[in-house]
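The structure appears right after this line, and notes come after that.
The values are calculated or read from the model by the stated rules, or taken from the named source; none is laboratory data. Remember, it's a predicted structure, so these values are computed and weren't measured experimentally. Counting neighbours? That spans all protein chains shown, and the Cβs are built from the backbone with ideal geometry, glycine included. Ligands, DNA and RNA are stripped out before the accessible areas are found, and what is left, the full protein with its side chains, is counted by its heavy atoms. Shrake-Rupley method; radii C 1.70, N 1.55, O 1.52, S 1.80 Å.
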Amino acid sequence: MREQLEAIRQKALTGIKEATDLKILDNIRVELLGKKGELTAILKGMKDLSNEERPIIGQLVNEVRQSMEEMLENKKKELADKALNLQLAAEKIDVTLPARMPELGHRHPMKTVLEDIKNIFIGMGYSIAEGPEIENSYYNFDALNIPEEHPAKDEQDTLYFNPDLMLRTATSPVQVRVMEKNTPPIRIIAPGRVYRSDEVDATHSPIFHQIEGLVIDKNVTMGDLKGALEVFVKNLYGDDVQVKFRPHFFPFTEPSAEVDVSCVICGGHDHECKVCKGTGWIEILGCGMVHPNVLKMSGIDPKEYSGFAFGMGLERITMLRYGINDIRLFYENDKRFLEQF
Amino acid sequence: MNISMKWLSEYVLAPQDMDVFCDAMTMSGTKVERAETSGKDIELVVLGEILSIEAHPDAERLVVTQVNVGSETIQVVTGAKNVSVGDYIPVALHGASLAGDLKIKKGKLRGVESNGMMCSVEELGLSREDFPEAPENGIYLFDKEELKTKGYSLGDDVKPLFGLDDTVVEYEITSNRADCFSVLGVAREVAATFDRELKMPNIGFKEVSGNIQEMVKISVEADDLCYRYLGKIVKNVKVEPSPKWFQEKIRSAGLRPINNIVDITNFVMLETGQPMHAFDLEKVGGAEIIVRRAKAGEVMKTLDETERVLDESMLVIADKNRATGIAGVMGGEDSKITAETTTILFEAANFNGTNIRHTSKKLGLRSDSSSRFEKHLDPNLVEFAMHRACALIDELNAGQIVEGQIDIYPNPRTERKLSYDVAAINQILGTELSEQEMTDIFRRLTFQVDMESKTVIIPTYRADIEGMADLAEEVARIYGYNEIPTTISSKNPTVGHKTISQKAEDMVISTLLALGANEAVEYSFESPKVFEKLRLPQDHPYRRAMVILNPLGEDFSMMRTSMLNGILTSLSTNYNRRNSDVTLFEIGRVYLPTALPVDNSDKNAEMPTEKNCLVVGHYGKKDFFDMKGMAETLAIALGETFSYQPSAHSFFHPNRQADIICADKRVGYLGEIHPLVADNYEIGAKPYVLMLDLDAVVDHINLSKKYEPIPKYPAVSRDLALLVKEDVLAGEIEGVFAEESGKLLEKAELFDLYQGEQIEKGYKSMAYALKLRAKDHTLTENEINQVLDRILRKLDTTFGIRLRD
């Protein structure tokens, strides 16, 4: 019987080893382990054995059975792996073939920059205020301390519907409306369309976008203005950017300043740089401490509160960021332009 | 404002280093735009004397000269015809550079050694217009007398002799600083910036006896436009060219020398900022000056020999007979200074700046004078300027000044006295400056300080200083903006946030970007022609637009009342540039008047409405149902439900358009653009437009969401194949599904729509898959059948719809 078992084991070993597919393997299993299989026959013959021999042979049969099952299982896995590998090999693709592109929309470059600016200021505690683009003289001029006879009021610069109703020339009227309706502390930015009577060319557009900001609180100083704008500029252009405050004049702020940043194009290293004209500096902001007259007119007591305001042109900042040299591109909406951003 | 450093240095000692100077001036508020040093490219050109001239052995046209250039005598071969022995000439030595990057080197001319080159003014980068005494196509010959008086010797650099050693600085002067539109004004700023002494020019002069009152009569009729008029007479005038040094200064500021009298008026204007005028008194009719408003249609010829037609808003300087000058803008041809003039009347006056600005604009005539008056000059400058002009008459020996003056100045401007508060100024700036530091700054600015009463007296030329904030700015700009410590205020923190509608807008944008639409920005202006292009009927509300009074042309003359023109224009641009498959969207405003014509004289009148709208435009691969899919996706993003009704907009295809309904309100429309409209916009593909009134959609939006458990019980699907009359709308059928299935209907999906063979004419076959589900139990067959029965009964009774056999 031992010899018989050994022969079965050998037969199984060879058969399994030579099996080339799952079907052959299954045949082997049935032939040896099936109900009518050779091993099963031996098991059936066990009853004829002596009491001493039976457990010994029984253990042997089990061993042979176990090793055969193991062999079958291993071979099965080997064959499955092989089949899978074949399948995978057959499924090879050229990954450099073109992608099937889903359509992805692109934000207008100005709006991307505006969103960045909004996020910086929201992070600094500012909210976003909006107001009408068609304004009356009070909000567009008078409440901003712009005197009755100021040249800005000339038709030359402002587009009018009637002598008292016009397209706002800055987003500053929003500041006035916010001050009228709210009590300090106020921290807002007011982005939006503004209008001037400028003929269209590479650097002028009768419609453009401004972002103005306003902070009103107790004891706000010019140092705070500098601090806020430095944080903003460094967030927008990076920590390495230098910021310079230069005296300037605006009717609605006193003291007033213009803000220059070190050239974001050449870093101040190119004397031929077209953007900074070799000066190393680019002007990007106007700002100042809100004029006491402006506070008073908007119902805020300048003895109790002070504040600062600032303003910048979105087109200019966007042109600087992307190296765009013609403002008209923003309003043409050519797909080949928009899809670059 | 261009100012020569040489000229400036006569009043104040400026630092030598131009970078330091320019930077400090910019930082104290007088921004330097650029600094241009003349003769930068000219080097090694010296004064030489021609000792001998001999013929060239091999060239008829050339001569060989020996030239003394101070340290040595050099041989120069030249073709110049106008030189003779003893002439003093500019000589470019070996290694010299001339205008136009020309380098001079030793060499041989037709075999004869030449060690330099004699120069013309052109070779030095100058022109005969600036140096009329220079010969045409010849070497410049110096005036030996002049050289002697100036103390020049052979071998000296010639650049100073041509005024080529000066730097002209261009300053940006802000509109509040009328006092800085002059050399003296800037000098005053230089003195304050660098804490230097300001040296005032001489205003002393000799007078001869005479009675000015008898020689001229002056009256100001329009005293609301002329605040001061000062006249003074000079007799025995010799009109001639000004001396060269004087001309050079005029030229350095970009003006052209004319004659000594006109040059003096220009000089005084440049130096002090006060425009002046000189009349030939003999040509002033009746020897009378009347400052009055022009008569309507009054004509006069200005100095530029142009006839000007005036109106009653304009101020003129008239004589007894006629206008002889437009006040503050330009003098008249009739009374101008000529070589024959013997007696002049000098005018220094102060006019209403706004009026001058309007006049100059109306006439399209801007002058150095008008551009200064426009900025509102100090009337107290008038007398100083007049006396300076007289001092120059004396200095140039140009005539005799008659004693006395006529000064009409009814309301003299007085100095303003302001108190200062050190703590308040420090509070504005965020500094900790002492009173001493602040008052030092005030003194540098020529404010008179009284520390006892804590007041400053502001000179009248600083009309811009009105209160504490202005004083703070003066302190800050001299102390240095960049010296102010930078602080971050966190005293009363606020939380930054976006409003609900701003968030909803963000959501709309990100949805559209994900759907492949590119964001556009359109003009808010449009042309009235747009109404025809869009085929709008005469009474269409879109025709009620806000009209601009002073537009930049027809295309920019009205405010848009719809988003259509902008998006169609951009689609057209793309189409005509051969871009394929274009989807654009814009979020922007339309402007709707509350009443027309727009009348805002009533302060309480309602402002026009500005509505925030979304428009999506497309041509290319998408069709109506893709656009509807966008609308539906937006509805999902915003948590809204839209329904659609056939509509009748004239700009759409009559049978491919719908209104979008949200909460029983019409909030937009979508459709295929009418082929005639597409033609009008030159779009050769089928364009589609989707428009949403965002304000109306967002009005009742609720961004707060609540979790609903994921369904535990299975859904049941039932297909219905319906035979439907052609004109019944899918929307109507789906309405019945929703109505009759209570809360059980989860989804009704149309999976087949067929018309043709096998279907009766006038009918269509519609196959729907209905998905039903209850939240709290598994639906029974009975429940399902009840729902289906109700649906079928309703479809039958309402639309005569049957199940297909």
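Details
- Cut-off 13 Å between beta-carbons: net charge of the residues surrounding A:SER306, Lys and Arg +1, Asp and Glu -1: -1
- Apportionment of accessible area to carbon and sulfur, the stretch B:239-283, percent (1.4 Å): 54
- Heavy-atom accessible area per residue - the stretch A:1-99, 1.4 Å, Å²: 75
- Straight Cα distances below 24 angstrom link B:LYS454 to the lysines A:LYS303, B:LYS417, with same-chain residues fewer than 8 positions distant left out.
- Other-chain or far-sequence residues with amide H under 5 Å of B:MET276's (modelled H): B:MET269
- 5 angstrom amide H check on B:TYR227, placed H, neighbours 5+ away: B:ASN350, B:PHE351, B:ASN352
- For the stretch B:58-68, backbone phi angles converted through the Karplus equation (6.51, -1.76, 1.60; θ = phi - 60°) give residue-by-residue couplings of 10, 9, 5, 7, 9, 10, 10, 10, 10, 10, 7 Hz, Gly and Pro being listed as x.
- Annotation note: trypsin sites (Lys or Arg not before Pro) in the stretch B:86-120 located in DSSP loop regions with a Cβ neighbour count of at most 14 within 10 Å are B:LYS105, B:LYS106, B:ARG110.
- Shielding by partners for peptide B:565-577, expressed as the average number of C-beta atoms from other protein chains within 10 Å of each residue's C-beta, is 2.
- Counting only DSSP H runs of at least 4 residues, each contributing -39500 (n - 2.57), and dividing by the residue count of chain A, the helix-based mean residue ellipticity at 222 nm comes to -13000 deg cm²/dmol.
- The fraction of accessible area contributed by carbon and sulfur in the stretch A:80-214 is 56 percent, rounded to a whole number (1.4 Å probe; ligands and nucleic acids excluded).
- A:LYS11 paired with B:GLU682, simple spin-label distance in nm, labels 7 Å along Cα-to-beta-carbon: 9.1
- Average beta-carbon neighbours from other chains, 10 Å sphere, peptide B:495-506: 3
- Directionally averaged shadow of the stretch B:395-542, computed from the convex hull of its alpha-carbon atoms, nm²: 25.3
- Cα gyration tensor, the stretch B:218-290 - rounded (a/c under 1.5), prolate or oblate: oblate
- Of the GluC sites (Glu not before Pro) found in the stretch B:1-93, those in coil by DSSP whose Cβ has at most 12 other Cβ atoms within 10 Å are B:GLU60, B:GLU72.
- Hypothetical label at B:ARG656: residues of the stretch B:620-641 whose amide nitrogen lies under 17 Å (7 Å Cα-Cβ projection): B:620-631
- Under a 5 Å amide H cut-off, with hydrogens placed 1.01 Å from N, B:LEU109 pairs with B:SER114 among residues at least 5 apart or on other chains.
- Residue-wise HN-Hα couplings along the stretch B:270-276, as the Karplus relation 6.51 cos²θ - 1.76 cosθ + 1.60 with θ = phi - 60° gives them from phi, are 5, 6, 9, x, 8, x, 10 Hz; Gly and Pro carry x.
- Couplings for the stretch B:364-377, taken from phi via the Karplus curve 6.51 cos²θ - 1.76 cosθ + 1.60 with θ = phi - 60°, read x, 10, 10, 10, 4, 5, 4, 5, 7, 4, 3, 8, 6, 7 Hz in order; Gly and Pro are left as x.
- Chain-alone versus full-assembly comparison, the stretch A:117-152, residues with accessible loss of at least 30 Å² (1.4 Å probe): A:ILE122, A:GLY125, A:SER127, A:ILE128, A:GLU130, A:GLU133, A:ILE134, A:GLU149
- For the stretch A:159-199, heavy-atom accessible area (probe 1.4 Å) falls by no less than 40 Å² from the chain alone to the full protein assembly at A:LEU159, A:TYR160, A:PHE161, A:ASN162, A:ASP164, A:LEU165, A:ARG187, A:ARG193.
- Chain B packed on chain A takes about 7300 Å² of accessible surface away from a 1.4 Å probe, both sides summed.
- Additional length obtainable on full extension of the chain from A:GLN340 to A:LYS92, 0.36 nm per residue less Cα span: 85.9 nm
- Solvent-accessible area per residue, Å², over the stretch B:342-459 with all protein chains present [probe radius 1.4 Å]: 41
- Share of carbon and sulfur in the accessible area of the stretch B:295-354 stands at 47%, probe radius 1.4 Å.
- Mean accessible surface per residue for the stretch B:133-276, computed with a 1.4 Å probe while every protein chain stays in place, in Å²: 43
- You can think of it this way: the chain between B:GLU632 and B:TYR713 has 26.4 nm of extra reach, that is 0.36 nm per residue less the Cα-Cα gap.
- Coil-residue chymotrypsin sites (Phe, Trp or Tyr not before Pro) of the stretch B:695-798, DSSP, other Cβ within 10 Å capped at 11: B:TYR707
- For A:248-258, mean number of other protein chain Cβ atoms within 10 Å: 6
- Those residues of the stretch B:532-549 for which accessible area with every protein chain present is at least 30 Å² below the isolated value (1.4 Å probe): B:MET546, B:ILE548, B:LEU549
- For a label point 7 Å along the Cα-to-beta-carbon line of B:GLU739, residues of the stretch B:761-797 with backbone N under 18 Å: B:787-797
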